[in-house]
């Protein structure tokens, strides 16, 4: 079935306009909202509290890759924490919070490591059995335009330290972003099919 040239032109224009309308939301869903989550050269951008080791807990020689924060308080009475205010959130939007942690070789029964947003722990775990790096990831629905991200060790009086690295927070692409991908694919298929017809 051949489309009239004017109808075909209008269809392409409409598809292009629809794709462009999807772009702003797609762009907003891109990028790590956490500043310096990889700790590549220092712990700038973070507030580190109750840490008694190194340069504000920063360790250049260990990490995943090297560059991390060691959450350890020698007194075992305090809760060493790395925190950062995350801004530019969209209330009601879904985000994924993730990162890496290490601190094993000891089966601590209590939850000794946790990640919180605005003081509510959304991830807690026991000490892993090995000293390998492990990952955490969880969903978070924003309730305001900003939230305090806190990563803590030695919870529940365990006195057990952890090293953290690769902390990230990404917006989950909205349906409009998926719409953009589907429309882009549709346009490419259409153009390719049209090109094949004309090249016969």
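Rule-based calculations on the coordinates, nothing more; no lab input. The shown structure was predicted, so the numbers you read here are calculated from the model rather than taken from an experiment. Cβ coordinates were reconstructed from backbone atoms using ideal geometry, including for glycine residues, and neighbour counts include every protein chain displayed.
Annotations
- Its Cα gyration tensor gives the stretch 47-175 an equivalent ellipsoid; the semi-axes, largest first and in whole Å, are 25, 15, 15.
- Here the relative contact order of the stretch 47-175, from alpha carbon pairs under 8 Å that lie six or more residues apart, stands at 34 percent.
- Where a label projected 7 Å from the Cα of residue 172 along Cα→Cβ would reach, residues of the stretch 132-165 with amide N under 13 Å: 138-142
- Extended-chain gain in nm, criterion 0.36 nm per residue less alpha-carbon gap, residue 156 and residue 144: 1.5 nm
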